[in-house]
1. Identify the residue in the range B:157-192 that is at pLDDT 90 or above and among the acidic types (Asp, Glu) and, among all such residues, is farthest from residue B:139 (Cα to Cα).
2. For the structure I just gave you, tell me whether residue B:127 is buried (at least 20 other Cβ atoms within 10 Å of the Cβ) and out of contact with any Gly (no Cβ under 9 Å at 6 or more places or on another chain).
3. Quick check: anything in the range B:66-73 outside any helix (DSSP H, G or I), under 30 Å from residue B:377 (Cα atoms), modelled with pLDDT under 85 and facing chain A (nearest Cβ under 9 Å)?
4. So, residue B:215, is that one at pLDDT 95 or above and in contact with a helix residue (DSSP H, G or I) (Cβ under 8 Å, 6 or more places away or on another chain) or not?
5. Among what's in the range B:539-584 and is in a loop (DSSP other than H, G, I, E, B) and hydroxyl-bearing (Ser, Thr, Tyr), pick the residue that is nearest to the other protein chains (Cβ to nearest Cβ).
6. More than 16 Å from residue B:564 (Cα to Cα) and modelled with pLDDT under 80 - does that describe any residue in the range B:373-392?
7. Would you confirm whether any residue within the range B:510-528 is among the aromatic types (Phe, Trp, Tyr), farther than 30 Å from residue B:541 by Cβ, more than 60 Å from the chain's Cα centre (by Cα) and at pLDDT 90 or above?
Amino acid sequence: MFILSRRFILAIALGLLSFPAYAGDASKEQLKSLDEQVQEIKAETLNLAVQMRLLEEKLLYPSTTQVAVYVSLDDAQKFRPDSIEIQLDGKQVAQHLYTARELEALQKGGMQRIYVGNIASGDHVLQVLVAGKAAGGAGVRRKGTFKFRKDAGPRLLEVRLAEPDAAMISLRD
Amino acid sequence: MPRLYVLFACLLLTAPALAAVGAELNNRPHRAEYDEARYYAHQGEWFEALIRFDAGQVRSGGSAPKGPARLPGLLAGDFALSYRMDQRAEAALQAVIDGPVPEAVRNEALFRLAQMYFRNGRTKEALQAVRRIRGSVPAAIRADLAFLRANIALDSGRPAEAVAILKDLQGEKSLEGFSAYNLGIALLRSGSEQQGREQLDRAGRIDSSDRAAMAIRDKANLVLGERLLGEQDFPAAKKVLDRVRLSGPFSNRSLLSSGWADASQEQFGNALVPWSILAERRAADPAVQEALLAVPYAYGRLGVYSTAAGKYEAALQAFGGEIARLDASLAGIGQGALLSSLAQVEAARDVDWMVNLRERPETFYLVDLMASGEFQESVNNYLDLEQLRKKLDAWAGDLAAFEDILRLRSAYYEPLLPAIDREFRQLDGQVRLRSEQRNRIAGQLEAMERAPRPDLLMTADERAMSEQVAGWERMMTPERRKITPQLWHRIRRLRGALVWNIHADYDRRFAAARAHLRELDHELGMLIEQRRSFEQTRQAVAGSYQGHGDAMGRLRQRIHAAQGTVRALSARQGQMLESMAVKELTRRRDRLEELRLKARFALADSYDRAGKAGVRGKGAQ
């Protein structure tokens, strides 16, 4: 998004450089003071958000049963996923259609938490179904099946998508 | 003017920084949380990115967040800057600068800090920050740093220094147009009038397909053209102004000025060309409004008074329409229409809010205002507060849901726990007993390694037999041994056979005893694991509904307090926006009234002249 904003703000800035500033109307001090207060409430809300996230995890996904699945792109230039489906022990738990922005975020190294849930300790099977486009634009569909073990602690799994010719889907702890 | 430098310089740098810092985090714990933060950051969802970043911090630190000083590195500064939390960004960047980091990282942090100061109008601090940059500077920010230095120099009244820096930046592709234009301005400010004009002329001829570069090219031509116009060099002004594209942010003003360049040379027919194009455009634009009067003025000067009168009438009608529109906008703002439009924008997560607001009746006339940094900042703050309000409301609901969950869990588990605890105590007793037994046996075996005790390894039969033999031995007093020597010998043989067996078989029995101890260890281990798992589950069950009350109560209080603060700040921010909007709309309305008055006088004059011309015509006939 910051690319879009950058261009847009730039255009606006260019368009109106010679127009007067308006801060004189609502004094600059007032604006500054208000801005500082907004920053303070942002910090407080952010802290609350973190506490809420931790509380939610503790209550809904305790570490003894928590499993989280993340998606990342390995060779971003060669493969563009359109959609992904995650199955856990044969049951679909998540599916996602990627927007251009999400895809760009993955390509730049971001990692998406696609699923978080609870499972019992023991052996489990994770199945990943991906549809997308290869470097040449050809449609690609791939399926990967992985076994993993859930112990007492939380289990974080990373589904890493790569270019279609190699092992396209891999699982990392 | 400095606003351009600031905006451009600030906007250039965010993207590469994120990538660079992200790579650094790959080797740290809680990478998933940080990478997820980057996933949101790359989508411009800064609040979500910051939540994940801070959660990662809490998890890795194992304690509650203590503020920005704990945030590692530039990533924290990036996110905070992007979410317009300058105080937090400043603290985060300062922590990097003061921390044990490589020179290049420190310099990058100083650069961003300087950028932030400059954007906020704190030029002195910006200058101090860039002056602290020494040694290695990451290649990705070198050009931008130089550009920032030039802008700071320009803003601090040192144009000659800016000229020197900007000259070196002329080949920099990423600053195409901007460095050329700024160099022209810097030259003009440094007193090199001719060189400045030549530079602006060069900036106005840049060949580029980049939108930003084309816009700055138009800007260069407009500035140069208007300068020439002011000096009454009309042909040169016309030539430069006509280089501005017909579409683009500067086209209206350039068309107006181009017309004046012709009109000033008494070429009213030529002036009608740009003015007529302009007069057909959106009448809210001040240049278009002036063109509505300029067109009939040109017709009048050409002697076509009837057409001029018609155009003045059309202008009057247009002005009337615009005044009515402004009145409606003002009334709408009074009824809260501006703020409700902003709320809709926030709900739609509209990143191009400025573009879309321009099309709404209550904000139709606020284009100029919307382009000002202060108004943008205020709108962004208002939208952020609106977002915070929704989040806080949602969390208040979430807390209620969590409390329900806790209640249900308590109702389910509480009756089950006494029985579970009884079973646990039983299991625990077994474990303790077996542990004691095991320890005793292990102790004995250990002692037997030093001093063998075959008697301890007798079988149950042997032990029974040994006791039997011992009983007989006790009965065999010395007197009786003499009476029944045969029986005594048989008892002795039995004792001897027993002792022989256990001594002869001692090593095997000792080895077997060690093996049995190992088996016992295994069994005991399983029992202990069972107890541990039991304990863990019991703890998890209790933890799933116990001990959250106080924390949730505190959260509820904080959320409630934050809701109040957000409401109050939102109201103040909204009032400020409305006040700025009303002042701007009133200013524009006053200007339109002036133009309408002029149009009325001009209309009357045109009719008068048309009438006189008609009389003269008849007289001539």
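1. Checked the range B:157-192; the qualifying residue farthest from residue B:139 (Cα to Cα) is B:161.
2. Numbers: buried (at least 20 other Cβ atoms within 10 Å of the Cβ): no; out of contact with any Gly (no Cβ under 9 Å at 6 or more places or on another chain): yes.
Taking the combined requirement at face value, the residue does not satisfy it.
3. Checked against the condition, which is being outside any helix (DSSP H, G or I), under 30 Å from residue B:377 (Cα atoms), modelled with pLDDT under 85 and facing chain A (nearest Cβ under 9 Å), the range B:66-73 yields at least one hit.
4. Values: at pLDDT 95 or above: no; in contact with a helix residue (DSSP H, G or I) (Cβ under 8 Å, 6 or more places away or on another chain): yes.
No: the conditions fail for residue B:215.
5. The first filter runs over the range B:539-584 and keeps only residues in a loop (DSSP other than H, G, I, E, B), leaving B:544-548.
Next, from what is left, pick out any that are hydroxyl-bearing (Ser, Thr, Tyr): B:544-545.
Numbers: B:544: 7, B:545: 9 Å.
Per the stated criteria, the residue is B:544.
6. Yes.
7. In the first step, residues of the range B:510-528 are kept if they are among the aromatic types (Phe, Trp, Tyr); the result is B:510.
From what is left, the residues that are farther than 30 Å from residue B:541 by Cβ are B:510.
If we keep only those that are more than 60 Å from the chain's Cα centre (by Cα) as well, we get B:510.
Remaining after also requiring at pLDDT 90 or above: B:510.
Checking the range B:510-528: at least one residue is among the aromatic types (Phe, Trp, Tyr), farther than 30 Å from residue B:541 by Cβ, more than 60 Å from the chain's Cα centre (by Cα) and at pLDDT 90 or above.
Each row is one residue, and each column tells you yes or no for (1) without any contact (Cβ under 8 Å) to a residue 60 or more places away in the chain; (2) under 27 Å from residue B:435 (Cβ atoms).
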residue: B:501; (1), (2): yes, no
residue: B:509; (1), (2): yes, yes
residue: B:517; (1), (2): no, yes
residue: B:547; (1), (2): yes, no
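The values are calculated or read from the model by the stated rules, or taken from the named source; none is laboratory data. Since we're looking at a predicted model, the values are computed, not measured. With ideal geometry, Cβ positions are generated from the backbone for all residues, glycine too; neighbour counts draw on all protein chains shown.
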